[in-house]
1. Can you tell me how many residues within region 96-144 are hydroxyl-bearing (Ser, Thr, Tyr) and closer than 19 Å to Leu171 by Cα?
2. Collect the residues in region 109-129 that are closer than 16 Å to Pro166 by Cβ and under 17 Å from the mean Cα position of the chain (by Cα), keeping them in residue-number order.
3. Tell me, which strands (runs of 3 or more DSSP E) wholly within region 79-129 include 3 or more residues that are under 14 Å from Asp156 (Cα atoms)?
4. Condition test on Lys53, is it assigned to a loop (DSSP other than H, G, I, E, B) and farther than 30 Å from Ile151 by Cβ?
5. Quick one: which residue in Lys153, Lys61 is assigned by TED's automatic domain parsing to the domain that holds Arg21 and over 21 Å from Leu41 (Cα atoms)?
6. When the residues of region 141-155 are filtered to those that are over 13 Å from Gly119 (Cβ atoms) and touching a residue at least 12 places away in the same chain (Cβ under 8 Å), which remaining residue is surrounded by the fewest Cβ atoms within 10 Å (Cβ to Cβ)?
7. Restricting to region 156-167, and then to whatever is touching a strand residue (DSSP E or B) at 6+ places or on another chain (Cβ under 8 Å) and not hydroxyl-bearing (Ser, Thr, Tyr), can you tell me which residue is surrounded by the fewest Cβ atoms within 10 Å (Cβ to Cβ)?
8. Only one of Tyr71, Tyr101 is surrounded by 13 or more Cβ atoms within 10 Å (Cβ to Cβ) and at pLDDT below 95. Can you tell me which?
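The values are calculated or read from the model by the stated rules, or taken from the named source; none is laboratory data. Keep in mind the model is a prediction, meaning the values are calculated, not measured. Virtual Cβ from ideal backbone geometry, glycine too; neighbours counted across all protein chains shown.
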Amino acid sequence: MEKWFNVGKIVNTHGISGEVRVISRTDFQEERYKKGNTLYLFKEESGEPIELKIASHRTHKNFDLLTFENYTNINMVEPLKGGILKVTEDQLNQLPEGEYYFHQIIGCTVYTDEGEGIGKIREILTPGANDVWVVKGKGGKDILIPYIDAIVKSVDVEAKKIIITPMEGLLD
């Protein structure tokens, strides 16, 4: 079964020549929206994804503007509005050492460097300088773990295991 990853949502058309406005959910716009790349459009009412090949990409205000091959006017792209653009797992970029996709981290179990189980990561927050992992701890309480070198000692996404050295007060 194919695994899909969200890269953006078509929120509107732009002009009359088949351009669409996309709110991106990817950190790799230039790579993801390169001319000739393939994206897959998912709409609630249709079961099968629509394959779209990128003809052009540019940015305007806070949007990525895309055109697709064989979609040459507003009437052709109007039905695409509201659709979610996705890629397959094999289309994901290789990340540098020490960087991970959210889907690789969510679901990992966190342990202290002394072997104590903390809980599973259920969400990742991106408030600013570093990500914060939200762990569902014992008793249902959320524990917030900043993704910084001083705390996170090892990440093994294959084993779904993360080792931390908790700073004072982190687990209280």
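1. Let us first name the residues in region 96-144 that are hydroxyl-bearing (Ser, Thr, Tyr), namely 100-101, 109, 111-112, 126.
From what is left, the residues that are closer than 19 Å to Leu171 by Cα are 109, 111-112.
Final tally of qualifying residues: 3.
2. Ile121
3. Answer list for region 79-129: 109-112.
4. It is false that Lys53 is assigned to a loop (DSSP other than H, G, I, E, B) and farther than 30 Å from Ile151 by Cβ.
5. Unique residue meeting the criteria: Lys61.
6. First, pick out the residues of region 141-155 that are over 13 Å from Gly119 (Cβ atoms): 146-155.
Filter again for touching a residue at least 12 places away in the same chain (Cβ under 8 Å), leaving 146-148, 150-153, 155.
Working: Pro146: 17, Tyr147: 18, Ile148: 12, Ala150: 9, Ile151: 15, Val152: 19, Lys153: 13, Val155: 19.
The selected residue is Ala150.
7. That would be Asp156.
8. Exactly one residue qualifies, and that residue is Tyr101.
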